[in-house]
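Chemist: Sharing a structure here in structure tokens format.
The values are calculated or read from the model by the stated rules, or taken from the named source; none is laboratory data. Everything numeric in this text was worked out from a predicted model, so none of it was measured. Here the Cβ positions follow ideal geometry from the backbone for every residue, glycine too, while neighbour counts run over all protein chains shown.
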Amino acid sequence: MAELIVPKPSVALAVQALIAGLPQTGLTGVFVSSKKPGTATGHRILPGKFIRVTRLNPGGMLNRVTDQAHLLFECWDDSGEGEKLANAARGVLRAASGQTIAGGFVRCAGDDNGPVEFPDPDVPSHDRYQFTVDLLISTN
């Protein structure tokens, strides 16, 4: 029987990296989750700043010991500084290289694309910028 290799949960890792790292950029109180804030997350009113993290294709196992997680980061801000929030998140993710976060070792944060302004018609009160990053996460 072949060795069982189970990748670490990449979205949870990225969420934890942002929660821990954004205050170091001067941004506090940012809601970060895999879900958009709403009744399912206990919010009746949208937070002023929030980030949703989702995993996209392509991605997958780069080799036996590295998962290539292609992640989308959507950054909303009600103060007109959505790009600033996105850039702070990008910096936090780059700094995650070489760190163990949420039980997973981040080998590298690469293929950073963005940020791009992408208004959300469901949330006209907030700017939304989004970007993608590939996190290379050790499986062992």
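Chemist: Looking at Ser33 and the list (1) farther than 16 Å from Phe131 by Cα; (2) among the small types (Gly, Ala, Ser); (3) without any contact (Cβ under 8 Å) to a residue 40 or more places away in the chain, which single condition is not satisfied?
Modeler: Looking at each condition in turn, Ser33 falls short on (1).
Chemist: Would you confirm whether any residue within the range 102-114 is within 30 Å of Val6 (Cβ to Cβ), part of a strand (DSSP E or B), modelled with pLDDT of 95 or more and in contact with a His (Cβ under 8 Å, 6 or more places away or on another chain)?
Modeler: no
Chemist: If we only count strands (runs of 3 or more DSSP E) wholly inside the range 17-84, which ones have 2 or more residues that are among the acidic types (Asp, Glu)?
Modeler: 66-77
Chemist: Right, Asp134: over 14 Å from the mean Cα position of the chain (by Cα), surrounded by 16 or more Cβ atoms within 10 Å (Cβ to Cβ) and in contact (Cβ under 8 Å) with a residue 40 or more places away in the chain or not?
Modeler: no
Chemist: Restricting to the range 98-117, give me the number of residues that are on the phi > 0 side of the Ramachandran plot and in contact with a strand residue (DSSP E or B) (Cβ under 8 Å, 6 or more places away or on another chain).
Modeler: Total satisfying the criteria: 3.
Chemist: Any chance you could count how many residues in the range 14-41 are of a type in the set (Val, Ile, Thr) and within 18 Å of Cys108 (Cα to Cα)?
Modeler: Selection size over the range 14-41: 1.
Chemist: Right, something else. Return the pair list, or none, for Cβ contacts closer than 8 Å from residues in the range 1-20 that are surrounded by fewer than 15 Cβ atoms within 10 Å (Cβ to Cβ) to residues that are among the hydrophobic types (A, V, I, L, M, F, W, C), at least 6 apart or on different chains.
Modeler: What qualifies is Ile5/Met61; Ile5/Val65.
Chemist: Also, I was wondering about something else. Considering only residues that are over 16 Å from Asp120 (Cβ atoms) and either in contact (Cβ under 8 Å) with a residue 60 or more places away in the chain or surrounded by 15 or more Cβ atoms within 10 Å (Cβ to Cβ) (or both), look in the range 36-60 and name the one that is farthest from the chain's Cα centre (by Cα).
Modeler: Looking at the filtered set, the residue picked out is Gly59.
Chemist: Here's another thing I want to ask about it. Based on what the data block shows, is Asp67 over 22 Å from Pro119 (Cα atoms), in contact with a helix residue (DSSP H, G or I) (Cβ under 7 Å, 6 or more places away or on another chain) and among the acidic types (Asp, Glu)?
Modeler: Here the answer is yes, as Asp67 does meet what is asked.
Each row is one residue, and each column tells you yes or no for (1) of a type in the set (A, V, I, L, M); (2) more than 21 Å from Gly114 (Cα to Cα).
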| residue | (1), (2) |
| --- | --- |
| Glu3 | no, yes |
| Ala17 | yes, no |
| Ala20 | yes, yes |
| Pro23 | no, yes |
| Thr28 | no, yes |
| Gly38 | no, yes |
| Thr41 | no, yes |
| Gly48 | no, yes |
| Phe73 | no, no |
